[in-house]
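Contents: one structure, followed by commentary.
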Amino acid sequence: MNRWYRYGLAGLCCTAFFLSAAAPAHDPVETERYRVQPGDTLWEITERYRGDASEWPILRETNGVKDPRRLQPGDILDLPRLPELTAEVRHCEGSAWLIGEDGRRVPLHEDMLIAPGDTLETGSRTFVSLRLPHGEDVVLPSNSRVTLKQQNRRHARLYLKQGELEAHVPTQRDYHEVLDIDTPTGVIGVRGTRLRVTHAEDGIRVSTLEGKVVLKQGERTTSVPAGQGVLARTNAFPQVAILLPPPELKADEHSFDHPLQIQLSEVAGAESYRVQLARDPDFQTIFRDEQSNTRLLTFDSVPRGFYYARGSALDALGIEGRYGRRLVLHRPVETALDTSDDGYTFRWTDIPGLEYRLQLSEDSSFSDPFLSRSFSDSQGVTLRNLPTDEFFWRLQVSGDAGKFVDSPVVASGRQGAAHQP
């Protein structure tokens, strides 16, 4: 049932309740009708419909079935309509739309709920992150089109009509709770897996980063474990390949006036390279994506800030390999240390979204700093009454609140002689 129509119907039912004392206190349970086929049992119908055969008493009670093992072909069963498995939009960067079953288009925004039957479509330079009912995280990059489907009470499906998606499917406690990804070329069954799927005119490409993927094409089944990828075409035998290793990433972090450039190390067997930028380490908030035949990728108009970058290499089949990652500080933080009778004043460039940590130590190893303070939305601090006038200092930045392990040192010095590391 169309979601907008359903909301309107709910409103009419609510009005009827207040106008008529004879109206029921609860909305009647919506049902679907099923015609019994030869050989059907109530257990088998329940398994297909609800995803769990142990729930057969629900169908027995609803239909007054006397003997669940002896159903008469041609009989009609009422199947209570299943609760919807909705998805939530966690991030939306750029232009994307929700398309209902009636074809109505609505601009997509964060916190929007996606119901079965809804289609999502992303424009150019657009990135959308979804959280599915059982904790699956799905990222849709630019120019992609996917429809959310529901097979039974526990089983969600995605139909990738165009473009690409990346999914992280956590290991489920219930073996019924799996995610299928349908494409025009085949069906991909996943559980406890991190994978990428791309649908193009010449077929689908799957890269399994963690876990295992099972690709079904008619009667043919192909297992794709972690570290492997596959190119599958219609009416052709799948081509399986080992994923290319991750490249190393280097960034020009000390340039004030030039675009952000990411240099990748050479990967044997690579035909092209890809780099994505995100605002979080899990890459749920991707905002830029570039692909090139060269190992130097340039990102224009990237604001000053602290980002996460990941790069990969694509082989001759177009299968994308493993990711290499690094933190990127685009345009350096300017720092200064002024001394006066009033104390020591540290100043730095305040970049939105960053947290700073200033540490002072009596030795250059900073194994036991005598001062360690964190700051956000600040451009500096004045320190007084320090235990010593001889100290080393350093300034770190982090994109995750309170997490400074392995975070970059953007400036350091001793008694005001700041320098870029």
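Brief remarks on what is shown
- Checking Glu88, Glu47 one by one, the residue that is part of a helix (DSSP H, G or I) and within 27 Å of Asp118 (Cβ to Cβ) is Glu47 and no other.
- Set side by side, the residues Ala96, Ala115 differ, and just one is touching a helix residue (DSSP H, G or I) at 6+ places or on another chain (Cβ under 8 Å) and among the aliphatic types (A, V, I, L, M), which is Ala115.
- Put simply, of Ala316, Ala241 the only residue that is in contact (Cβ under 8 Å) with a residue 24 or more places away in the chain, part of a loop (DSSP other than H, G, I, E, B) and of a type in the set (Gly, Ala, Ser) is Ala316.
- Matching entry among Arg33, Arg70, Arg48 (being closer than 20 Å to His134 by Cβ and not assigned by TED's automatic domain parsing to the domain that holds Thr126): Arg48
Here's the yes/no breakdown for (1) surrounded by 17 or more Cβ atoms within 10 Å (Cβ to Cβ); (2) within 27 Å of Val275 (Cα to Cα); (3) within 18 Å of the chain's Cα centre (by Cα); (4) hydroxyl-bearing (Ser, Thr, Tyr):
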position	(1), (2), (3), (4)
Gly94	no, yes, yes, no
Ile99	yes, no, no, no
Gly103	no, no, no, no
Ser129	yes, yes, yes, yes
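- Hey, Gly311 within 21 Å of Leu195 (Cβ to Cβ) and surrounded by 20 or more Cβ atoms within 10 Å (Cβ to Cβ) or not: yes
- Residues satisfying the criterion are present in segment 271-278 (criterion: part of a loop (DSSP other than H, G, I, E, B), out of contact with any Cys (no Cβ under 9 Å at 6 or more places or on another chain) and not assigned by TED's automatic domain parsing to the domain that holds Ile351).
- Out of Leu77, Leu85, sole residue that is closer than 27 Å to Gln284 by Cβ and surrounded by 16 or more Cβ atoms within 10 Å (Cβ to Cβ): Leu85
Yes or no, residue by residue, for (1) touching a strand residue (DSSP E or B) at 6+ places or on another chain (Cβ under 8 Å); (2) closer than 23 Å to Pro133 by Cβ; (3) of a type outside the set (Asp, Glu):
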residue: Pro38; (1), (2), (3): no, no, yes
residue: Glu55; (1), (2), (3): no, yes, no
residue: Thr62; (1), (2), (3): yes, no, yes
residue: Cys92; (1), (2), (3): yes, yes, yes
residue: Ala96; (1), (2), (3): yes, yes, yes
residue: Gly103; (1), (2), (3): no, no, yes
residue: Met112; (1), (2), (3): yes, yes, yes
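- Residue, modelled with the lowest pLDDT, within segment 263-315, restricted to residues that are among the polar types (S, T, N, Q) and under 26 Å from Arg90 (Cβ atoms): Ser301
- Set side by side, the residues Ser129, Ser142 differ, and just one is at pLDDT 95 or above, of a type in the set (S, T, N, Q) and either assigned by TED's automatic domain parsing to the domain that holds Pro281 or not in a loop (DSSP other than H, G, I, E, B) (or both), which is Ser129.
- Of all residues in segment 287-305, those that are farther than 20 Å from Ser265 by Cβ and among the β-branched types (Val, Ile, Thr) total 1.
- Output for segment 201-231, where each listed residue is in a strand (DSSP E or B) and either outside the structural domain of Ser129 (by TED's automatic domain parsing) or free of Cβ contacts under 8 Å to residues at least 12 places away in the same chain (or both): Thr221, Ser223
The values are calculated or read from the model by the stated rules, or taken from the named source; none is laboratory data. Everything quoted here is computed from the prediction, not taken from an experiment. Because the Cβ atoms are built from the backbone with ideal geometry, glycine has one as well, and the counts that use them run over all protein chains shown.
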